[in-house]
Amino acid sequence: MLTPERHHIILSLLKEKDVVRIHELVEATGASESTIRRDLSELEEQRLLKRVHGGASSLQNKIEEPTVLEKAVKREKEKTAIARYAASLVQERDSIFIDAGTTTYQMLPFLPYDNIVVVTNSPDMALQLSKRNIKTILIGGELKAATLSLVGRDALKTISQYRFDKCFLGMNGVDKHHGLTTPDPDEAYVKQLALQFSDERFVLCDSDKFSRVTFAKVADLREVTVITDDGLSQEEQQAYSRLTNLKVVKA
């Protein structure tokens, strides 16, 4: 395969997934690891991607956030596997916070009990939970159009009134050096308060979110349990397991 063809495949995969691993590119192109590494270096020099440990990521602006519709169509199988496991952690009579997000939203059909209390910043989630007669508290605040989540002073005021057995958060970036990040500082504040008032803290994110950094810091890795799919290499799993309680589920 010629170099331009490999470069086209690499960039096409990045458009689909945001982060690609070297082993995926080897499989997609039939090239050796050394050839792929050289390709990634060339494309990075052209400012077409960013090299990360074990692969490459797209050059998404740190403050940009994909819309709910854009995120919903990506990695559905992985998100469902992550959400199913997360939902299995919920116990009878738990009071929980479920963050707005496409992965956390997938938890809803798998929640094993109805006799729980759910606080959420997602109007969509609140509507679905009400259909199961699950006691649901929708926080106030300003509705953010891109993510359909509630943020702002009223949102923070509502969350601060409650204490949770568990919280389940979505996240845009998980990085060994920069921890957990999200593009919007207002959403970061909501996530931080949910973490502060929860006994157990879970972050749900597919493996594409690893080695990515966005604008606003939420927390350090050591503060949470991260639930992800098996798209991480063994080397990456070992590295992140030294920094956080990492739970890998098979997609």
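Taken together, the values in this text are just the output of simple stated rules run on the coordinates, not laboratory data. The model shown is predicted, which means the values in this text are computed figures rather than measured ones. Quick reminder, even Gly has a Cβ in these numbers, built from the backbone with ideal geometry, and neighbours come from all protein chains shown.
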Cut-off under 5 Å, modelled amide H: who pairs with T225 long-range | R201, F202, V203
When the distances between all Cα atoms of region 3-57 are binned every 10 Å from zero, what whole-number percent does each bin get?
-> 27, 68, 5
Taking amide H positions as placed 1.01 Å from N in the peptide plane, with prolines and chain starts having none, which residues 5 or more places from V218, or on another chain, fall under 5 Å of its amide H?
-> L180, T181, T182
Phi-based couplings in Hz for region 121-138 (Karplus 6.51, -1.76, 1.60; Gly and Pro marked x) | 9, 10, x, 4, 5, 4, 5, 5, 5, 5, 5, 9, 6, 7, 4, 10, 10, 9
The lysines whose Cα lies under 17 Å from the Cα of K166, excluding any fewer than 8 residues away in the same chain, are K135, K191, K247
What does a probe at D154 reach in region 98-124, counting residues whose amide N is under 17 Å from the point 7 Å along Cα→Cβ?
-> 120-124
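Let me make sure I get this right: for region 95-153, a, b and c are the square roots of the gyration tensor eigenvalues over alpha carbons, sorted descending. Under 1.5 in a/c it's rounded, otherwise prolate if a/b > b/c, else oblate. Which is it? Kindly include the intermediate steps, with their values, before the conclusion.
On the way: a/c = 2.21, a/b = 1.61, b/c = 1.37.
Taking the square roots of the gyration eigenvalues as a ≥ b ≥ c, region 95-153 is prolate.
How high is the relative contact order of region 68-249? Use alpha-carbon pairs under 8 Å, at least six apart in sequence, and give a whole percent.
Rounded, it is 20 percent for region 68-249.
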Mind checking the full-extension length gain between S12 and R84? Use 0.36 nm per residue of separation minus the Cα-Cα distance, one decimal, nm.
-> 23.0 nm
Cα convex hull volume per residue for the chain, in Å³, equals 113
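Taking only C-alpha pairs under 8 Å that are 6+ residues apart, what is the relative contact order of region 3-57 in percent? Intermediate results must be reported in sequence, preceding the final value.
Working: 47 pairs, mean separation 21.1, N = 55.
Dividing the mean separation by the residue count of region 3-57 yields 38 percent.
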Would you work out which of Q196, P123, L108 lies farthest towards the positive end of the dipole of region 81-205? Charges go on Cβ: Lys and Arg +1, Asp and Glu -1.
-> L108
Where does helix 3-17 land angle-wise versus the long Cα axis of the chain, in degrees 0 to 90, nearest 10?
-> 0
How long are the semi-axes of the ellipsoid equivalent to region 107-207, from square roots of 5 times the Cα gyration tensor eigenvalues, in whole Å, largest first?
-> 21, 16, 14
Report, in deg cm²/dmol and to the nearest 500, the calculated mean residue ellipticity at 222 nm for the chain, where each DSSP H run with n ≥ 4 adds -39500 (n - 2.57) and the sum is divided by the residue count.
-> -10500 deg cm²/dmol
Please report, in debye to the nearest 20, how large the charge dipole of region 68-249 is about its Cα centre when each Lys and Arg carries +1 at its beta carbon and each Asp and Glu carries -1 there.
-> 180
For D230, enumerate residues with amide H under 5 Å from its amide H, sequence gap 5+ or separate chain, H modeled in the peptide plane.
-> V249, A251
Rounded to the nearest Å, the spacing of the alpha-carbon centers of region 157-223 and region 24-52 is 31
